[in-house]
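The values are calculated or read from the model by the stated rules, or taken from the named source; none is laboratory data. As the structure is a prediction and not an experimental result, all values here were calculated from the model. Counting neighbours? That spans all protein chains shown, and the Cβs are built from the backbone with ideal geometry, glycine included. Surface accessibility is based on the protein's heavy atoms, side chains included, excluding ligands, DNA and RNA. Shrake-Rupley method; radii C 1.70, N 1.55, O 1.52, S 1.80 Å.
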Amino acid sequence: PNGFRDDIASSVVGVGKENLIITVWRVGLPEKNHELLLEVLPHLPWGDWRFAFIGPLQDSFRPKVENFFREHEGLVGRVLFLGEIQNAVDLY
């Protein structure tokens, strides 16, 4: 459930579920509305959760990411921009 594939995870040593929310696609495309996520993320009750953007970062979105981390330094390490990950094992 929840997109966790035991068939892949069992082949990767040390992998288990973690409190991680992800969005996957080209980061910064208007259709995905990642700008809204950047507005909402600072207001979440984080606990031990993290949020990962997975996919190539659009050049036009890069300044927004830089500004986000300037304004919300406490979210460095909680909000991750991981780039493109094509291999499922690497993703896990």
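Observations, loosely collected:
- Extreme residue, least open to solvent (accessible area, probe 1.4 Å), among residues of the stretch 17-26 that are over 13 Å from residue 83 (Cβ atoms) and outside any strand (DSSP E or B): 19
- Some residue of the stretch 57-77 being in a strand (DSSP E or B), under 11 Å from the mean Cα position of the chain (by Cα) and of a type in the set (Val, Ile, Thr): no
- Residue within the stretch 53-71 that is modelled with pLDDT of 90 or more, open to solvent by 60 Å² or more (accessible area, probe 1.4 Å) and of a type in the set (Ser, Thr, Tyr) present: yes
- Among the residues making up the stretch 27-40, those that are touching a strand residue (DSSP E or B) at 6+ places or on another chain (Cβ under 8 Å) and either open to solvent by 20 Å² or more (accessible area, probe 1.4 Å) or assigned to a strand (DSSP E or B) (or both) are 27, 32, 37.
- Of everything listed in (1) open to solvent by 90 Å² or more (accessible area, probe 1.4 Å); (2) within 11 Å of the chain's Cα centre (by Cα), the single unmet condition for residue 43 is (2).
- The stretch 72-88, subset among the β-branched types (Val, Ile, Thr) and open to solvent by less than 70 Å² (accessible area, probe 1.4 Å), residue farthest from residue 7 (Cα to Cα): 79
- Inter-residue pairs, beta-carbon under 9 Å, first closer than 20 Å to residue 47 by Cβ and in the stretch 60-87, second open to solvent by 50 Å² or more (accessible area, probe 1.4 Å) and charged (D, E, K, R), 6+ apart: 77/50; 78/50; 79/50; 80/50
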